[in-house]
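A short worksheet on the structure shown next.
Only the coordinates and a few stated rules stand behind these numbers; no lab work does. No experiment lies behind these values; they were computed from the predicted model shown. Note that we place each Cβ from the backbone using ideal geometry, even for glycine, and neighbour counts take in every protein chain shown.
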Amino acid sequence: MTTFKEIRGNLIKSTSTDPANPQEGQIWYNSTSQVLKGEEFLEAWSSGANLPTAVFRSAAFGTLTAAVSTGGSNNPPQALPATTSSFEYNGSAWTTGGALNTARRGLGASGEQTSGLAFGGEINPGATSGATESYNGASWTSVNSMNTARSALAGDGTQTNSLIAGGLTTVNVNITETWDGTNWTTSPATLNTTRRTLGISGDSAAAVGFAGETIPSSQLTSSEDYNGTVWTAGNPTNVASATIGAAGTATTALKFGGRNPSPTVSTEGYDGTSWSTRPNMATGRAWVGGTGTQTAALAAGGEYTSNPISNVVEEFISAPTTKTFTTS
């Protein structure tokens with residue numbers, strides 16, 4: 001019979017305790033518990049606690065264990081008015097948070113659960129908003145508005161350092177604005193590809209913008225990198241999609257869900273250069289609210305098709321884990 005040493009060239013080490021920082025692929029025998037163990041890397045979506053109310057075209061911000069879902073619509077798709085509702089997530093359950101001052105859907109958001117920002121969106125059919133509000137973990141306060149009112153935009157960053165780009169006024173725009181904690185400033189840098197319903201990961205110093213659409217059913221794969229001064233065309237995503245969820249940073253982004261043209265389960269990760277396929281979501285949804293990091297992300301709500309609205313929540317985890325080997 002072939003031994004592990006013959007396969008890998010190493011003996012399996014016997015130790016009374018598990019290694020403090022095991023490497024992926026490492027195997028050892030724990031003499032105290034008398035079991036064979038190894039380190040593997042697991043990456044998958046799993047079910048989270050459902051939102052109290054089904055919603056789509058909402059925005060999310062924060063982390064996997066301290067997030068906020070705000071705005072959107074819980075009426076049948078294409079129906080307004082939008083909602084002012086916000087819900088807070090602690091990693092196990094959702095509770096009601098403070099209500100937005102301006103009801104809207106197709107808005108953007110950034111920041112953390114206790115220091116967030118919501119901006120833009122659609123307030124009535126064909127009527128977009130430039131309203132910006134800050135969140136302190138309990139209530140929303142109106143602050144200075146965006147320079148260009150729009151919906152279906154993308155944004156990311158912190159409560160004092162955010163970036164927005166793209167979106168829809170009465171037409172698609174490529175306009176970029178940056179937020180310094182007090183005011184929005186229109187950047188001379190514009191997206192190379194004018195688009196709406198895209199994703200952005202990063203902030204005003206460094207970001208990546210990706211996917212989206214020019215018109216319905218014209219989903220894009222193009223990706224652009226932002227260095228604080230200019231947008232530069234980057235490598236495309238593997239799957240064309242729009243109305244997507246996004247998480248992460250300029251060099252560790254995660255893209256998930258959206259439509260292509262039907263709701264998709266596709267998930268991709270970005271390493272600052274190229275996009276790679278990651279495990280699929282369990283439930284494909286468009287207009288999903290996304291937040292978190294590339295290794296711990298949250299997907300909340302959305303729509304399955306052109307009709308049903310979802311309250312489904314999924315959590316994405318990418319992390320090493322110790323496995324105990326057993327016989328069967």
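The table below gives the values:
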read-out	value
Dipole of the range 156-266 [Lys/Arg +1, Asp/Glu -1 at C-beta], most positive-end residue of Val208, Ser241, Pro261	Pro261
Dipole of the chain [Lys/Arg +1, Asp/Glu -1 at C-beta], most positive-end residue of Thr102, Thr194, Asn74	Asn74
Within the chain, helix-based [θ] at 222 nm, where runs of 4 or more DSSP H residues each add -39,500 (n - 2.57), nearest 500	-500 deg cm²/dmol
Computed FRET value (nearest 0.05) for Thr65 with Asn21, which takes r as the C-beta separation and R₀ as 35 Å	0.90
Computed lengthening from Thr273 to Thr84, 0.36 nm per intervening residue step minus Cα-Cα distance	64.2 nm
Euclidean distance of C-alpha centroids, the range 238-270 and the range 147-190, integer Å	20 Å
√(5λ) per eigenvalue of the Cα gyration tensor, the range 44-318, largest first, Å	22, 21, 18
Computed lengthening from Ala44 to Ser217, 0.36 nm per intervening residue step minus Cα-Cα distance	59.4 nm
Exposure proxy order (Cβ contacts within 10 Å, fewest to most) of Trp94, Trp179	Trp94, Trp179
Candidates Ala247, Ala103, Ala127: whichever shows maximal mean-square fluctuation once the chain is modelled as a Gaussian network with Cα springs under 10 Å	Ala127
